[in-house]
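Below is one structure, written out as structure tokens, with a few remarks after it.
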Amino acid sequence: MKLSLRRLLLTLAAPALAIVVAFVVTSLVLVLVGDPVGKVWSTLLSEPRPRTMVNIINSGITYYIAAVAVAVGFKMKLFNIGVDGQYRIAAFAAALIAGQGWLPGVLNIVLAMLVAMLVGGFWAGIAGWLKVRRGVSEVISTIMLNTISAGLVGWGLRTWGQRAEGSNTRNTQEIPESSQLEGFAVFADAPNRVYTLLVLAIAIGIAYWFVINRTRFGFDVRATGESESAAVASGVKVPRMVLIAMIASGAVAGLISMPAFFGADHSYGLNFQEGVGFIGIGIALLGRNHPVGIAFAALLWSWLEKASDGLQLQAGVSPALVYIIQGVILLAVVIAYEVVARFERRFEQKQVTRQLDAGVTTEGATA
């Protein structure tokens, strides 16, 4: 019981330490540039308006799915930085299909999500195949595929997109009204609503936890990530696991845009949010690849982004300060986790040594 409590405290110590470090470092930066420290923190920590709260939750939903997609790869020590490209090309393919309205209502939504998963999984599978068959690093191949996906989507918009009224931009055809989701009215005073596909993000988190922690496949994933040689010795087919993990990561990445697409955008075009895949990397690290930790990290990241809107108006400070805070938190938490992990390893080594010494003493007394 004491050992479990100690481990829990150590787990909580890392993010707490990171937040304290980020607070101190950001305050020092503000002092050096001559900005009002108290005013900045009071603005950032003030209670958000209902509209802002909805925006925080909605962005958090998007970031959560992106982070889970990254975390699937991290569990096998695969650095899938191609989530941005996978989500981009999957969103475009799903928008094309959903815009046709071949199926009514909810069935159209399900079809679009299946298409998004298939396209995202296929795009990530290319990097997985290159790694397994040709030994190409997934970092290099996913960077390449990000660029290729941007070019393909741009060509697709010019070919199949429709010109928006009064502008030269192109969008895919808007989805039928029967497939547009109104959302949840969580805050009575907010004019906007929380995405209906919040339930999708929750389902993804539960499925991720269950598969990783309660299935043989999840055990093989974790075993391969911890020690490839040990996994091979236990009968795990590592190349197959690498390929499946990359495909699974890409399939989850394909769903990133679905809450916003069906809840607000209704077409693919200039409203596409870039860089979400890279944000997911930071959030997965902050959340330690755990579904609950990722949820808190996604909301924290989203809150910092939305809170930055009032910095320039109320405190006279550039909103870019938030990027400093996010970067410092990310750097601090990575360092803090490593420090805590080393401390935990030393503690476990001491525990093992004490148990061995106790065993030796008992044997000697018996003899």
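The values are calculated or read from the model by the stated rules, or taken from the named source; none is laboratory data. No experiment lies behind these values; they were computed from the predicted model shown. Every residue, glycine among them, receives a Cβ derived from its backbone with ideal geometry; neighbour counts consider all protein chains shown. The accessibility values were calculated without ligands, DNA or RNA, using every heavy atom of the protein model including side chains. Shrake-Rupley method; radii C 1.70, N 1.55, O 1.52, S 1.80 Å.
Our estimate of slack between residue 31 and residue 207, defined as 0.36 nm per intervening residue step minus the Cα-Cα distance, is 58.8 nm.
The ellipsoid that matches the Cα gyration tensor of the chain has semi-axes, each √(5λ) in whole angstrom, of 39, 30, 18, with the longest given first. What FRET efficiency, computed as 1/(1 + (r/R0)^6) with R0 = 22 Å and r the Cβ-Cβ distance, is obtained for residue 230 and residue 345, rounded to the nearest 0.05? Result of the calculation: an efficiency of 0.80. With θ taken as phi - 60° and the Karplus curve 6.51 cos²θ - 1.76 cosθ + 1.60 applied, the whole-hertz 3J(HN,Hα) list for the stretch 215-228 is 10, 5, 4, x, 5, 4, 4, 5, 5, 5, x, 6, 7, 5 Hz, x standing for glycine and proline. Using the 1.4 Å probe convention, the accessible area of the stretch 1-144 works out to 48 Å² per residue with neighbouring protein chains retained. Working ranking of peptides 293-302, 29-38 by packing, defined as the average number of other Cβ atoms within 10 Å per residue, highest first, is 293-302, 29-38. Which pairs in the list 39/306; 75/237; 77/350 are over 24 Å apart, alpha-carbon to alpha-carbon? From the list (39/306; 75/237; 77/350), the Cα-Cα distance tops 24 Å for 77/350. Coupling constants for the stretch 246-261 follow from the phi torsions by the Karplus curve (6.51 cos²θ - 1.76 cosθ + 1.60, θ = phi - 60°), and in residue order they are 5, 5, 5, 4, x, 5, 5, 4, x, 8, 4, 7, 4, x, 6, 5 Hz; glycine and proline get x. Using the Cβ of residue 55 as centre and a radius below 10 Å, the other residues enclosed give a net charge of +1, where K and R count +1 and D and E count -1.
Based on alpha-carbon atoms, the Kirkwood radius and the radius of gyration of the stretch 213-324 give Rg/Rh equal to 1.11. Protection proxy ranking for 104-110, 349-355, using the average of other Cβ atoms within 10 Å per residue and placing the highest first: 104-110, 349-355. Taking only the C-alpha atoms of the stretch 107-246, Rg followed by Dmax gives 20.4, 64 Å. How much of the accessible area of the stretch 231-335, in percent, comes from carbon and sulfur atoms when a 1.4 Å probe is used? Of the solvent-accessible surface of the stretch 231-335, carbon and sulfur hold 67 percent. Comparing 272, 347, 23 in a Gaussian network model of the chain, where Cα atoms under 10 Å apart are tied by springs, the biggest mean-square fluctuation is seen for 347. Close amide-amide hydrogen proximity is noted between residue 186 and 194, each under 5 Å apart and 5 or more residues distant or on a separate chain (H modeled in the peptide plane; Pro and chain starts excluded). Per-residue ellipticity at 222 nm, computed for the chain from helices alone with -39500 (n - 2.57) per DSSP H run of at least four residues, works out to -24500 deg cm²/dmol. Multiplying each eigenvalue of the alpha-carbon gyration tensor of the stretch 1-156 by 5 and taking the square root yields semi-axes of 37, 24, 19 Å, largest first, rounded to whole angstroms. Separation of the stretch 202-226 from the stretch 252-284 is 24 Å, based on Cα centroids. On the beta carbon distance between residue 354 and residue 16, with R0 = 35 Å, the FRET formula returns roughly 0.80. Highest mean first, the peptides 252-261, 229-238 sorted by other C-beta atoms within 10 Å per residue fall in the order 252-261, 229-238. The stretch 123-154 and the stretch 24-64 have Cα centres separated by 36 Å. The HN-Hα couplings worked out from phi for the stretch 137-149 by the Karplus form 6.51 cos²θ - 1.76 cosθ + 1.60 (θ = phi - 60°) are 4, 5, 5, 5, 5, 6, 4, 4, 5, 4, 5, 5, 5 Hz, whole numbers, x standing for Gly and Pro. Taking only the alpha carbons of the stretch 135-181, we obtain Rg and Dmax values of 15.9, 49 Å in that order.
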